[in-house]
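J.: Below: one structure in C-alpha cells.
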Amino acid sequence: MQTEEQKSKTAPGREPQTKYLREQQKKQRQQQRFIKKETQTAARYLGRLEQLSGAPAAMQPFVEVLRRIYVEMQGVETDRPTIGTYCVMVPQELIYAAGAQPVKLCSGNYTAFSIGDDLTPRDACPLVKAVAGFQHTGLMPVYRDCSMMVVPITCDCKKKIAGMLRDSVELITLHVPASREDADMEAYLRQLYELMERLEAATGSPISSGSLAEGFQMVGRAQAEFSEFIRLRKSSPALLRGTHSMAMMNASAYMSADRWADAMHGVNLELKERIRTGEKISSRSLPRILLTGSPIVFPNIKIPLLIEEMGGLVSADETCMGERGMWDPAVITDHSFNGMLRALANRALRPCPCPTFADNTQRIYRLKQMIRDNEIQGVIYHVLRGCLVYDFEYRQIEEELGKLEIPVIRLESDYNEEDVEQLRIRIEAFIELIKLRQEPVRRTGIRESF
Amino acid sequence: MRSRKKLVITVLACLGIACPAYFAGNLLFFGFPEEGTDYPGTLLPFLIILAASAAGIILCVFLRRRISGTERIQARASRTGRSGAKDLIPKQKPSVFMILRWGLMIVFSFFMIAGGLLFGLRISSLSIPVLSCPWNREQMAEASCYYLSHLNELFELPLTDILLFFASTLGFTIVLGRIMCGFLCPMGLIQDLMDKLRQKLCMNGFTMNEKRYQAVKPVKWCLLFLFFGLWFAGGNFCNFCPAITVSPILAGMSTSLYVSGFLMILVLIGSFFKRRMWCLVCPLGYLVGLLHKISLFRIRKDCTACTECGACYEACPMGIKLIYTERENTDVTDVNCIMCGECIRKCPEDNALSMTFAGKQIYTASRAQVMSSYQRNLRKEER
Ligand code: SF4
Ligand code: SF4
Ligand code: SF4
Ligand code: SF4
C-alpha cells in the first residue's frame, strides 16, 4: 500500500499512463475476442453450407469469397476503391462507371450484432445493429476500406444508422419515395445525378457515357448469367439447393460483377450437365418452399439451412440479398446519357417489391408468380425482430396466399443462436404439414399377385 | 384554383392553334410561281425546312445547356467519353418484327410518294387512313385525310367513289387499325428517323411524364375538331397540316406551303427531342384509334408474368401507362397505341406482353431478347 502510494507520489505521470495501457490491452483483448468469435461463427456456417448435400463444385469461388471476407477477414479483392451500399436501390452500374467497386454492406453478423445491441435502441432491427457493431469496432476490412457509403432511406432504422455512420465515414443518403409515380421516379433520377457527382468526387474519376455503358455491360452480363441460373433453378425435380443459391447471391456483394458472372457461368454449365446426366439433389420429391421476408445475409443463413437440413427445399427466395437483388434488368430505352440514368432510376424503384413503398401489392403478384413458376408448396415468411415493414405485410400476404391454399408461416428470428431450437421445431412441423398435403407417391408398382 | 388556371391555359392554347389554322391560307411559307418549277427546284422548300429544323435543334440544345444543370453534367459526361463509347451502350439484337417494321415503313413510304410515278395509278382509288398527303396526285393509293377534312367535296363525288372511300377506309381501319401508324405512315417514318438520329448522337431527349401527356390531350382534341370542322368555317386544314410538306414536295410537285411549313419545322424539332411528337396529337391517327375496340391487331398482357418494371411505359413513344399498370385485363390495346412494338421489345418478362393479329401471337416479349444486349460479352467469354 505504502509503496504504491509513494510510487504515485514520486511519479505522478505514470498512473494515467498505465491506465491507458491497461485500457489498450483490454481493448485489444476485446478485439481479439471479437475476431475469434466472428471468424468461428462464419467458419461454422460455411462448414454447414458445404456439408449440405448437392452443392455444385462450381460453387467453390463463391464460398472462397465468403471465407475471405468473414473468416480470413480481408477486404474485397479489387484494385479499385470500394463504395459501400445498402439495399438493392443503389445502381451498381453507376459505381462501376466511377471506376469503383460496389460492396453491399447489409450485415448478418451475430458477433457484430451483440456489440451493436448496446449502441442502438432495443427495438432496432438486427441488421442495422450488426452494421453499427462493425462500424464501431472498425475491424472489418470491407467496412473500413470504403471510400464512401450510399444509404437509401428505406426504413427508420436505415435513416438513423445513416446518421450514425456519418460520423466516421463519407456518406450520401438517397431518399426513397413512398410510391412509384412518374414524379417520384424523376425525383430519384435527380438524386442519382447528385450521387454521380459525389461518386466522382470520392473516386476522382469522372463518369462518362462510355464508362456508364461499361458499367451496364458488366452488370448486364452478370444479370444475363443470373437469368439463365434462375431458369435452371426453376426446374423440377430441383437441380440445386436454395441455401447454396442464396450463398452465391450473397457472395455477389463482395465480388466484381465480372468475376461473379464468370463464376455463375461455371455453375450454369454444371447445372446443365446435371440435367444431361439426370443428376438430382435428392431421389425423393422434397417439399418445395418459397422463402420470403426480411433480408437473409451470410452468416445469418440459419433459416434456409434449417429448412434444407430438415428435408425441405428452398426452391425460390424473394429476399433482397437473394433473387430480388439481380433479377430486374435496367432496360435502356433511350441511348442518351439521361436515358441510361433514367433506366437506372426506373429499375431502382418500379420493379422493386420492397415494403418501403406504401402500396406494395405488386409484391403479392410477384409471390404468386414465383409460386406458380416454381411449383411452390409452402411459404416461409421470415421476419427479423424489429423489421416493421416486412412484418406489416405479413397479414395481407397470408390472406392472399390462403386464397390459393398455400400454407404460410411467419418465422421471427434474431441475430443469435438462441432461437434455433424453436425455429427447428416450427420448420419441422411445417415441412411435415406440406408432406401430409402432398399426394402420396406410390413408390412400388402395384402388386399383381402374392 | 389550379384546375381553373389549367383550363384557361388549355383554352388559350387551343385558340392559339385554331387561329393560325383558320388564317393558314394567308400565311405563306413558300410560294411557287404560277407555272410551277422543275424537279430539283421543287425540293427547295423541303431543304429550307430541314435547315430551319437543324438550326432550331441546335438552338434548343444550346439554350438547354445554359439553363439546366443536369444537362451540363450530361454534356460533360458525353464529352469526356472515350471514342467508341457509343458502341458500348447495350443494344438489343434486332428482332424480325422490328426489321419488318422499319422495312415496311421505308418501302411503303417510298411507294406512297413515288409509286404512282413508277407503277401507274392502278390502285389509287383505294383510300388508306395514313398521313401521306394526297396532294401528291401520283401516289399509289389515296390517303383518306383529304376527303375526311373536306367532307363537302367528298359528297360531290359519284356514289361509287363515296362508297369505295368509306369501304376502304373502314376496311383498313378494322383490319389494320393503328398498326398503319407504326408500320406504314410516312410522317411516322420521318419522326422515327429524327429520333434515331438523336439517339445516334447520344443527345438527351425531352422526357415526358404523365402530367405532360395529359396536357397534350386537349391539343389532340382541338386538332381533331379543326380537322373535321375547318371547311365548315371556310378554312382549309391542308394549309395547316404539316404532312403536306413531305409527300407532294418529294414527289416533285410544286405545292405552295402555308402554315404547314412552319408547323413541319416544329414537328421535326419536336420529334427530334420526343419520339413521335406529332403522332401524340395527330387527328387522323387518333380517329383510327377511336375504333381500336374492333381492330384486329391487339396488344395483350399476361398480368401474372408482369413484374411492373415499367420498362414498357418507358419505351412507349405514346406514353401509354396502362400497359405497365394493368393487373387484370389481358387486352391492353389503347386508342393511342400505334402498334410499334417497342413495349414488347423492352419487356424483360417472358410472354408478359405480346401483339396478336386476330388472336394469333405475332410478337412476344422475352427475357432473352432484352438480355441479347449483353450477348456480345457472353460470346467473347465463350471463345
Ligand atoms: S395536307 Fe394533310 S390533311 Fe391535307 S391532304 Fe395532305 S396530309 Fe391530308
Ligand atoms: S399518328 Fe403518326 S403515324 Fe399515325 S397517321 Fe398520324 S402521323 Fe401518321
Ligand atoms: S403500347 Fe406498345 S405498341 Fe403501343 S404505342 Fe406504346 S410501345 Fe408502341
Ligand atoms: S415491361 Fe413487361 S414486366 Fe415490365 S411492366 Fe411492362 S409488361 Fe410488366
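The values are calculated or read from the model by the stated rules, or taken from the named source; none is laboratory data. Because the structure is a prediction, the values reported are computed rather than measured. Quick reminder, even Gly has a Cβ in these numbers, built from the backbone with ideal geometry, and neighbours come from all protein chains shown. Please note that ligands, DNA and RNA were not included when accessible areas were found on the heavy atoms of the full protein model with its side chains. Shrake-Rupley method; radii C 1.70, N 1.55, O 1.52, S 1.80 Å.
J.: Out of A:159, A:129, I need the residue that is open to solvent by less than 20 Å² (accessible area, probe 1.4 Å) and basic (Lys, Arg). Which one? First the steps, then the outcome.
T.: Values: A:159 fails: open to solvent by less than 20 Å² (accessible area, probe 1.4 Å).
Going through A:159, A:129 in turn, the sole match is A:129.
J.: Inspect the range A:270-283 for any residue being within 14 Å of chain B (Cβ to nearest Cβ) and modelled with pLDDT of 90 or more and give the result as yes or no.
T.: Just the residues of the range A:270-283 that are within 14 Å of chain B (Cβ to nearest Cβ), to begin with: A:272.
Within this subset, residues satisfying the condition of being modelled with pLDDT of 90 or more are A:272.
Looking for residues that are within 14 Å of chain B (Cβ to nearest Cβ) and modelled with pLDDT of 90 or more, one finds at least one in the range A:270-283, hence yes.
J.: Are there any helices (runs of 4 or more DSSP H) wholly within the range B:1-69 with 3 or more residues that are among the small types (Gly, Ala, Ser) and surrounded by 14 or more Cβ atoms within 10 Å (Cβ to Cβ), and if so which?
T.: Numbers: elements: B:2-22, B:39-42, B:44-67.
Where helices (runs of 4 or more DSSP H) fall fully within the range B:1-69 and carry at least 3 residues being among the small types (Gly, Ala, Ser) and surrounded by 14 or more Cβ atoms within 10 Å (Cβ to Cβ), they are B:2-22, B:44-67.
J.: Let me ask something else about it. Could you check how many residues of the range B:126-137 are in a loop (DSSP other than H, G, I, E, B) and either small (Gly, Ala, Ser) or in the same structural domain as residue B:279 (by TED's automatic domain parsing) (or both)? Talk me through it step by step, then tell me what you get.
T.: Here is the first cut: in the range B:126-137, the ones in a loop (DSSP other than H, G, I, E, B) are B:126, B:129-137.
Subset that is either small (Gly, Ala, Ser) or in the same structural domain as residue B:279 (by TED's automatic domain parsing) (or both): B:132.
Total satisfying the criteria: 1.
J.: Has the range A:228-244 got any residue that is within 14 Å of chain B (Cβ to nearest Cβ), modelled with pLDDT under 90, surrounded by fewer than 18 Cβ atoms within 10 Å (Cβ to Cβ) and not in a helix (DSSP H, G or I)?
T.: Within the range A:228-244, one or more residues are within 14 Å of chain B (Cβ to nearest Cβ), modelled with pLDDT under 90, surrounded by fewer than 18 Cβ atoms within 10 Å (Cβ to Cβ) and not in a helix (DSSP H, G or I).
J.: Okay, moving on. Before we move on, is residue B:190 touching a strand residue (DSSP E or B) at 6+ places or on another chain (Cβ under 6 Å) and either open to solvent by 10 Å² or more (accessible area, probe 1.4 Å) or within 13 Å of another protein chain (Cβ to nearest Cβ) (or both)? Write out each step before concluding.
T.: Working: touching a strand residue (DSSP E or B) at 6+ places or on another chain (Cβ under 6 Å): no; either open to solvent by 10 Å² or more (accessible area, probe 1.4 Å) or within 13 Å of another protein chain (Cβ to nearest Cβ) (or both): yes.
Against the criterion (touching a strand residue (DSSP E or B) at 6+ places or on another chain (Cβ under 6 Å) and either open to solvent by 10 Å² or more (accessible area, probe 1.4 Å) or within 13 Å of another protein chain (Cβ to nearest Cβ) (or both)), residue B:190 does not qualify.
J.: Can you tell me which residue among A:271, A:232, A:305, A:240 is out of contact with any helix residue (DSSP H, G or I) (no Cβ under 6 Å at 6 or more places or on another chain) and either hydrophobic (A, V, I, L, M, F, W, C) or over 27 Å from residue A:398 (Cα atoms) (or both)? Step through it out loud before you land on a result.
T.: Values: A:271 fails: out of contact with any helix residue (DSSP H, G or I) (no Cβ under 6 Å at 6 or more places or on another chain); A:232 fails: out of contact with any helix residue (DSSP H, G or I) (no Cβ under 6 Å at 6 or more places or on another chain); A:305 fails: out of contact with any helix residue (DSSP H, G or I) (no Cβ under 6 Å at 6 or more places or on another chain).
Residue meeting the stated conditions: A:240.
J.: Is it the case that some residue within the range A:202-215 is out of contact with any helix residue (DSSP H, G or I) (no Cβ under 9 Å at 6 or more places or on another chain), of a type in the set (Gly, Ala, Ser), open to solvent by 10 Å² or more (accessible area, probe 1.4 Å) and over 27 Å from residue A:371 (Cα atoms)?
T.: There is at least one residue in the range A:202-215 that is out of contact with any helix residue (DSSP H, G or I) (no Cβ under 9 Å at 6 or more places or on another chain), of a type in the set (Gly, Ala, Ser), open to solvent by 10 Å² or more (accessible area, probe 1.4 Å) and over 27 Å from residue A:371 (Cα atoms).
J.: Counting residues that are under 22 Å from the mean Cα position of the chain (by Cα) and at the interface with chain A (Cβ under 10 Å from one of its Cβ atoms), which helices (runs of 4 or more DSSP H) fully inside the range B:283-374 reach at least 2?
T.: In the range B:283-374, B:311-315, B:342-346 are the helices (runs of 4 or more DSSP H) which contain 2 or more residues that are under 22 Å from the mean Cα position of the chain (by Cα) and at the interface with chain A (Cβ under 10 Å from one of its Cβ atoms).
J.: Here's something else I'd like to know. If only one of B:325, B:304, B:330 is without any contact (Cβ under 8 Å) to a residue 12 or more places away in the chain, more than 23 Å from residue B:29 (Cβ to Cβ) and within 13 Å of ligand 4 (Cβ to nearest atom), which one is it?
T.: Numbers: B:325 fails: without any contact (Cβ under 8 Å) to a residue 12 or more places away in the chain; B:330 fails: without any contact (Cβ under 8 Å) to a residue 12 or more places away in the chain.
From the options B:325, B:304, B:330, the qualifying one is B:304.
J.: Out of the range A:370-392, which residues are within 11 Å of chain B (Cβ to nearest Cβ) and buried (at least 19 other Cβ atoms within 10 Å of the Cβ)?
T.: Here is the first cut: in the range A:370-392, the ones within 11 Å of chain B (Cβ to nearest Cβ) are A:370-373.
Across the range A:370-392, the qualifying residues are A:370, A:371.
J.: Now for a different question. Does residue B:360 satisfy the condition of being without any contact (Cβ under 8 Å) to a residue 40 or more places away in the chain and among the basic types (Lys, Arg)? First the steps, then the outcome.
T.: Working: without any contact (Cβ under 8 Å) to a residue 40 or more places away in the chain: yes; among the basic types (Lys, Arg): yes.
So residue B:360 passes the test.
J.: Just to be sure, is residue B:231 within 15 Å of ligand 1 (Cβ to nearest atom), surrounded by fewer than 18 Cβ atoms within 10 Å (Cβ to Cβ) and under 24 Å from residue B:18 (Cβ atoms)? Explain how you work it out, then say what you get.
T.: Working: within 15 Å of ligand 1 (Cβ to nearest atom): yes; surrounded by fewer than 18 Cβ atoms within 10 Å (Cβ to Cβ): yes; under 24 Å from residue B:18 (Cβ atoms): yes.
The answer is yes for residue B:231.
J.: Could you grab me the full set of residues in the range A:315-331 that are touching a residue at least 60 places away in the same chain (Cβ under 8 Å) and either under 17 Å from residue A:231 (Cβ atoms) or open to solvent by 10 Å² or more (accessible area, probe 1.4 Å) (or both)? I'd like the intermediate steps shown before the answer.
T.: As a first pass, look at the range A:315-331 and keep what is touching a residue at least 60 places away in the same chain (Cβ under 8 Å): A:315-317, A:319-327, A:329-330.
Once the filter is applied, which keeps residues that are touching a residue at least 60 places away in the same chain (Cβ under 8 Å) and either under 17 Å from residue A:231 (Cβ atoms) or open to solvent by 10 Å² or more (accessible area, probe 1.4 Å) (or both), the range A:315-331 yields A:315, A:316, A:317, A:320, A:321, A:322, A:323, A:324, A:325, A:326, A:327, A:329.
J.: Could you say whether any residue in the range B:164-181 is farther than 24 Å from residue B:293 by Cβ and either open to solvent by 20 Å² or more (accessible area, probe 1.4 Å) or in the same structural domain as residue B:39 (by TED's automatic domain parsing) (or both)? Give the steps one after another, and end with the answer.
T.: First, pick out the residues of the range B:164-181 that are farther than 24 Å from residue B:293 by Cβ: B:164.
Then keep just the ones that are either open to solvent by 20 Å² or more (accessible area, probe 1.4 Å) or in the same structural domain as residue B:39 (by TED's automatic domain parsing) (or both); that gives B:164.
Checked the range B:164-181: at least one residue is farther than 24 Å from residue B:293 by Cβ and either open to solvent by 20 Å² or more (accessible area, probe 1.4 Å) or in the same structural domain as residue B:39 (by TED's automatic domain parsing) (or both).
J.: When you look at residue B:138, is it within 15 Å of residue B:111 (Cβ to Cβ) and crowded, with 22+ Cβ neighbours inside 10 Å, yes or no?
T.: On the way: within 15 Å of residue B:111 (Cβ to Cβ): yes; crowded, with 22+ Cβ neighbours inside 10 Å: no.
No.
J.: Give me a count of the residues in the range B:319-339 that are at negative phi, open to solvent by 10 Å² or more (accessible area, probe 1.4 Å) and within 16 Å of ligand 2 (Cβ to nearest atom).
T.: 6
J.: Do we find that residue B:254 is away from ligand 1 (no atom under 12 Å from the Cβ) and either assigned to a helix (DSSP H, G or I) or open to solvent by 30 Å² or more (accessible area, probe 1.4 Å) (or both) in this structure? Even if it seems obvious, please write down each step before you answer.
T.: On the way: away from ligand 1 (no atom under 12 Å from the Cβ): yes; either assigned to a helix (DSSP H, G or I) or open to solvent by 30 Å² or more (accessible area, probe 1.4 Å) (or both): yes.
The answer is yes for residue B:254.
J.: Quick check: anything in the range A:17-40 of a type outside the set (Val, Ile, Thr) and touching a Lys or Arg at 6+ places or on another chain (Cβ under 8 Å)? Spell out the reasoning first.
T.: Residues of the range A:17-40 of a type outside the set (Val, Ile, Thr): A:17, A:19-34, A:36-38, A:40.
Still in the running and touching a Lys or Arg at 6+ places or on another chain (Cβ under 8 Å): none.
Checking the range A:17-40: not a single residue is of a type outside the set (Val, Ile, Thr) and touching a Lys or Arg at 6+ places or on another chain (Cβ under 8 Å).
J.: Which residues, counting only those in the range A:368-400, are assigned to a helix (DSSP H, G or I) and in contact with a Pro (Cβ under 8 Å, 6 or more places away or on another chain)? Before the answer, list the steps.
T.: Taking the range A:368-400 first, the residues assigned to a helix (DSSP H, G or I) are A:368-373, A:388-400.
Answer for the range A:368-400, where residues must be assigned to a helix (DSSP H, G or I) and in contact with a Pro (Cβ under 8 Å, 6 or more places away or on another chain): A:389, A:390, A:392, A:393.
J.: Right, something else. Taking residue B:273, is it away from ligand 2 (no atom under 16 Å from the Cβ), open to solvent by 40 Å² or more (accessible area, probe 1.4 Å) and in the same structural domain as residue B:64 (by TED's automatic domain parsing)? Before the answer, list the steps.
T.: Working: away from ligand 2 (no atom under 16 Å from the Cβ): yes; open to solvent by 40 Å² or more (accessible area, probe 1.4 Å): no; in the same structural domain as residue B:64 (by TED's automatic domain parsing): yes.
Criteria not met by residue B:273.
J.: Let me spell it out: the conditions are (1) more than 10 Å from ligand 4 (Cβ to nearest atom); (2) surrounded by 17 or more Cβ atoms within 10 Å (Cβ to Cβ), and residue B:351 meets all of them except one. Which number is the exception?
T.: Against the list (1) more than 10 Å from ligand 4 (Cβ to nearest atom); (2) surrounded by 17 or more Cβ atoms within 10 Å (Cβ to Cβ), residue B:351 comes up short only on (1).
J.: When the residues of the range A:162-191 are narrowed to those that are within 10 Å of chain B (Cβ to nearest Cβ) and in a helix (DSSP H, G or I), which ends up nearest to residue B:325 (Cα to Cα)? Even if it seems obvious, please write down each step before you answer.
T.: Narrowing the range A:162-191 to residues within 10 Å of chain B (Cβ to nearest Cβ): A:180-183, A:185-186, A:189-190.
Narrowing the set further to residues that are in a helix (DSSP H, G or I) leaves A:182-183, A:185-186, A:189-190.
Numbers: A:182: 12, A:183: 16, A:185: 15, A:186: 18, A:189: 20, A:190: 24 Å.
Residue satisfying both the conditions and the ranking: A:182.
J.: Among the residues of the range A:63-115, count how many are over 28 Å from residue A:50 (Cβ atoms), open to solvent by less than 10 Å² (accessible area, probe 1.4 Å) and assigned to a helix (DSSP H, G or I).
T.: So the answer is 4.
J.: I've got another one for you. Among the listed residues B:260, B:271, which satisfies the condition of being more than 10 Å from chain A (Cβ to nearest Cβ) and either within 14 Å of ligand 3 (Cβ to nearest atom) or more than 12 Å from the chain's Cα centre (by Cα) (or both)? Write out each step before concluding.
T.: Working: B:271 fails: either within 14 Å of ligand 3 (Cβ to nearest atom) or more than 12 Å from the chain's Cα centre (by Cα) (or both).
After applying the criteria, what remains is B:260.
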